[in-house]
Structures are given as C-alpha cells and as structure tokens.
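Undergrad: Take a look at the following structure, please.
The values are calculated or read from the model by the stated rules, or taken from the named source; none is laboratory data. Owing to the predicted nature of the structure, the values given are computational and were not obtained by experimental measurement. In this analysis, Cβ positions are derived from the backbone assuming ideal geometry, glycine residues included, and neighbour counts consider all displayed protein chains. We work out accessible area using only protein heavy atoms, side chains counted, and drop any ligands, DNA or RNA first. Shrake-Rupley method; radii C 1.70, N 1.55, O 1.52, S 1.80 Å.
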Amino acid sequence: EGLLRDALARDANFPEALIALSDCLSRLVVRGSVESAPARVMEACELAFRAVALGSENGSILATAAWTLSMLGGLHDQGTELADRALRLQPNSAVVRTGCGWSLIFGGEPERAQEHFEVARRLSPLDPRAFMTQTAMASANFFQRRFGDTLECATRVLQQRLTWAPALRYRAAALAHLGRLDEARADVAQLLVAQPSCNLHWLTVYRFRHRWM
C-alpha cells in the first residue's frame with residue numbers, strides 16, 4: 001500500500017497504480033486486515049472509478065474495477081458493464097476472466113461466472129495462483145446450490161493451502177448445507193484460527209445483489 005501511494009504522489013494520474021491501490025485496499029478489507037473498513041471501501045471504489053476513467057482501454061483495469069465495485073460497492077450494474085467491456089478488450093486474459101467472474105458472482109450471475117473461471121483455468125493451466133481460481137469455482141458452485149461440487153473444489157484448494165480462509169468458508173458452508181455439521185464445525189474452528197476477524201458482522205462487507213440462502 002505504501003509503495004503504491006508513493007507512486008501516486010509522483011503521478012496522480014497513473015491508472016495502473018490507481019487500480020493496484022484499489023485492489024490492495026479491497027483485499028485488505030475482505031481479509032479483515034484493516035480498521036475503518038467503510039472508509040477503505042469508499043476509497044477503493046473512488047480509486048477504481050479514477051483508474052477506469054484514465055485506463056478505459058485496459059481490460060485488466062476494467063476487470064479489477066468491476067469486482068471491487070460489485071463486491072464492496074454494491075454497484076452491480078456498473079460492475080457488469082465494466083466486466084463486459086473488459087472481456088471485449090481482452091477475452092484471452094486469465095486475469096480478466098477471473099476478475100469479471102468474481103464481479104458476476106456478486107452481481108447474481110454465478111452460472112456466467114463459472115464459465116469465465118473455467119476459461120481462465122484453461123488459459124493459464126500452470127498459474128501459481130491456480131488455488132484462487134479453484135476458490136472462485138467453489139464460490140460459483142455454492143451460489144448455484146451445488147454443494148457437493150463446492151465441497152470438492154474447496155477441498156482441492158485446502159490440499160494446497162491448508163489455511164486459505166475463503167476455501168475454509170465455502171467448505172464449511174457446503175458441509176453445513178449437506179448436513180455434515182460436525183465437519184462444518186471443525187472447518188469453522190480452523191477458519192477462526194486462520195482468520196480471527198471472521199464473523200457474521202464482518203461478512204456484511206460483501207455486497208450481493210440477491211439474498212441467496
């Protein structure tokens with residue numbers, strides 16, 4: 001965060017630095033790593049809008065802005081519009097596909113999101129961050145109420161990243177929906193070790209278009 005702020009102090013109209021700082025703040029918020037989350041969310045969204053205004057032909061910028069604005073800002077129509085634009089510009093980018101897919105998760109279109117995650121996985125089969133795409137697949141399956149598939153995806157992630165909090169959240173929720181409550185409780189206990197800030201109030205930072213469950 002500090003280095004990105006230094007870069008913007010030197011050039012306030014550097015779109016790549018603007019979107020990188022927006023993305024950084026968004027990730028700090030969703031990981032529960034910052035205080036004053038509402039102020040950070042507002043700043044992340046403002047930075048995303050500035051980056052889009054300056055980098056309107058950069059698909060990666062548009063895709064990253066799309067997920068921040070949809071996920072944290074609740075601006076689902078704008079997020080979907082940016083995702084569609086990003087995909088027209090860079091359809092063969094795994095980064096773009098993944099960012100757009102996440103924006104569609106929060107915008108209420110998990111089926112479309114899953115299609116983009118599957119394409120992203122094919123585009124970048126050796127991606128060292130493949131566990132993040134697999135987590136995205138868990139999310140897409142969960143919001144289609146495909147809890148067995150959610151469990152499978154999340155378990156694959158946790159075989160690589162034992163304490164990856166997003167995968168633990170989805171696996172615990174899937175297990176609960178499948179009636180496997182003791183296993184779900186065990187995952188919740190592990191989640192609270194990995195991410196002590198995780199609780200129902202903190203989870204309201206996510207902005208979904210629909211009430212899913």
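Undergrad: Quick check for you: with a 1.4 Å probe and neighbouring chains kept, what is the accessible area per residue of region 121-172, in Å²? Walk me through the intermediate numbers first.
TA: Numbers: 2610 Å² over 52 residues.
Accessible area per residue, region 121-172: 50 Å².
Undergrad: Among 160, 144, 190, whose mean-square fluctuation peaks in a Gaussian network model of the chain (Cα, cutoff 10 Å)?
TA: In the Gaussian network model the winner is 160.
Undergrad: Then there's this: In region 55-213, if the dipole is taken from +1 on Lys/Arg beta carbons and -1 on Asp/Glu beta carbons about the Cα centre, which of 194, 95, 133 is farthest to the positive end?
TA: My answer, from the dipole projection, is 194.
Undergrad: Quick check: at a probe of 1.4 Å, how many percent of the accessible area of the chain sits on carbon and sulfur atoms?
TA: 54
Undergrad: Given a 1.4 Å probe, how much area per residue of region 57-97 is accessible, in Å²?
TA: 37
Undergrad: Separate question: DSSP H helices in the chain with Cα extent of 15 Å or more along the helix axis and mean Kyte-Doolittle hydropathy at least 0.5?
TA: Going by DSSP H runs, the hits are 15-30, 37-54, 59-71, 94-106, 130-142, 181-194.
Undergrad: A further question follows. Can you give the accessible area of residue 124 in Å² (nearest 10), computed on protein heavy atoms with a 1.4 Å probe?
TA: 40
Undergrad: Modelled label-to-label distance, residue 200 and residue 6, 7 Å Cα→beta-carbon offset: nm?
TA: My value for the distance between the label points is 4.4 nm.
Undergrad: Which of 174, 120, 130 moves most in a GNM of the chain, Cα contacts under 10 Å?
TA: 130
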